[in-house]
Amino acid sequence: MNGLPQPLLDVRGVTLQYKTKEHLVTATYRVDFKVYQSDRFVLLGPSGCGKSTLLKAVGGYMMPTEGEMRLNDKVITKPWYDRMMVFQEFDQLPPWKTVKQNVMFPLLASGKLKGKEAEDKAMYYIEKVNLSQFANHYPHMLSGGMKQRVAIARGMAMEPDILLMDEPYAALDALTRKKMQDELLQLWDDTHFTVLFVTHSIAEAVKIGNRILLLSPHPGQVTAELNSTGEDTVDADGNCLTEKINQMLFAEPVETEEVNHV
Ligand SMILES: Nc1ncnc2c1ncn2[C@@H]1O[C@H](COP(=O)(O)OP(=O)(O)OP(=O)(O)O)[C@@H](O)[C@H]1O
């Protein structure tokens, strides 16, 4: 025993590649990180650095060509209900199901809950995302932000080990985005779920994350790992966190920062 808690998600030396007819695209190269229970862990980096690819691999939709990913010490080999994904797109909800039916769907399909129990669980999380009045509405009757709330409720209702969020607010206007970020943090205060969150917004990473992994431009390699308090704090040298991240993302060579786990 080294006294450190066991990571929930352990990503070790992971290289992810796409093989097309003409090319072999290396999306990430030997990436390491560990996510602990109740972390709000953010993957941050420029477009094309492999953030979504990493999330897909944690989701079990893609296997590493090198390295491994473990969840609760078991190697990830396929998608499962212990990882639920929320995407950027507003069309991730089947349009023929109401809000309640959408949120109930994975609970029923997985056999996790039946009938009234599934309905109660769905309504609990629909209430958490402030959509109780819209439980019987269909997705086309909702705004983009409301659809994202449904997708979050659907993911959370499964009470997965880890919620995977791929730029969930990128397509929203600035005001709605801020509101949704605040709501997510409020939800976290309530339930302390574990989330792996992808963004290319430094401000969003600082606000949402308690830990931030910086990835280099394509192919993504770990540049640094930082802790965040949710505020744009200023360190002893007078540098604010967002500015520090800005410099690290665009600086050479790759460096690593000591991170403290509580
Ligand atoms: N299906 C695919 N086939 C081939 N190459 C792909 C595929 N999907 C992604 N890539 C490539 O893999 C690399 C990483 O892509 P990825 O979408 O993971 O990056 P990202 O950091 O999430 O970018 P963005 O912030 O723009 O969404 C890019 O070079 C991209 O072109």
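Before moving on, here are some points about what is shown:
- With respect to (1) open to solvent by less than 60 Å² (accessible area, probe 1.4 Å); (2) farther than 18 Å from TYR81 by Cβ; (3) in contact (Cβ under 8 Å) with a residue 40 or more places away in the chain, the lone exception for PRO95 is condition (1).
- Any chance GLY220 is within 12 Å of the ligand (Cβ to nearest atom), among the small types (Gly, Ala, Ser) and surrounded by 18 or more Cβ atoms within 10 Å (Cβ to Cβ): yes
- Residues located in region 205-219, provided they are under 17 Å from the mean Cα position of the chain (by Cα) and more than 16 Å from MET165 (Cα to Cα): LEU214, LEU215
- When GLU225 is tested against (1) free of Cβ contacts under 8 Å to residues at least 40 places away in the same chain; (2) away from the ligand (no atom under 16 Å from the Cβ); (3) more than 13 Å from the chain's Cα centre (by Cα), exactly one condition is not met: (1).
- Unique match (being under 16 Å from LEU43 (Cβ atoms), assigned by TED's automatic domain parsing to the domain that holds SER47 and among the acidic types (Asp, Glu)) among GLU225, GLU243, GLU183, GLU231: GLU225
- Being among the polar types (S, T, N, Q) and either free of Cβ contacts under 8 Å to residues at least 40 places away in the same chain or open to solvent by less than 50 Å² (accessible area, probe 1.4 Å) (or both) is a condition met by at least one residue of region 68-78.
- Candidate set from region 1-43 (those that are within 16 Å of the chain's Cα centre (by Cα) and basic (Lys, Arg)); member that is most open to solvent (accessible area, probe 1.4 Å): LYS34
- Filtered residue count, region 180-195, keeping only those that are assigned to a helix (DSSP H, G or I) and surrounded by 15 or more Cβ atoms within 10 Å (Cβ to Cβ): 6
- Strands (runs of 3 or more DSSP E) contained entirely in region 1-115, each with at least 1 residues that are closer than 20 Å to MET158 by Cα and within 16 Å of the ligand (Cβ to nearest atom): 40-44, 83-86
- Residues of region 141-155 that are surrounded by fewer than 19 Cβ atoms within 10 Å (Cβ to Cβ) and either among the β-branched types (Val, Ile, Thr) or over 25 Å from the mean Cα position of the chain (by Cα) (or both): MET141 alone.
The values are calculated or read from the model by the stated rules, or taken from the named source; none is laboratory data. Remember, it's a predicted structure, so these values are computed and weren't measured experimentally. All Cβ positions, glycine included, derive from the backbone under ideal geometry; neighbour counts span all protein chains shown. For accessibility, only protein heavy atoms count, side chains too; no ligands or nucleic acids. Shrake-Rupley method; radii C 1.70, N 1.55, O 1.52, S 1.80 Å.
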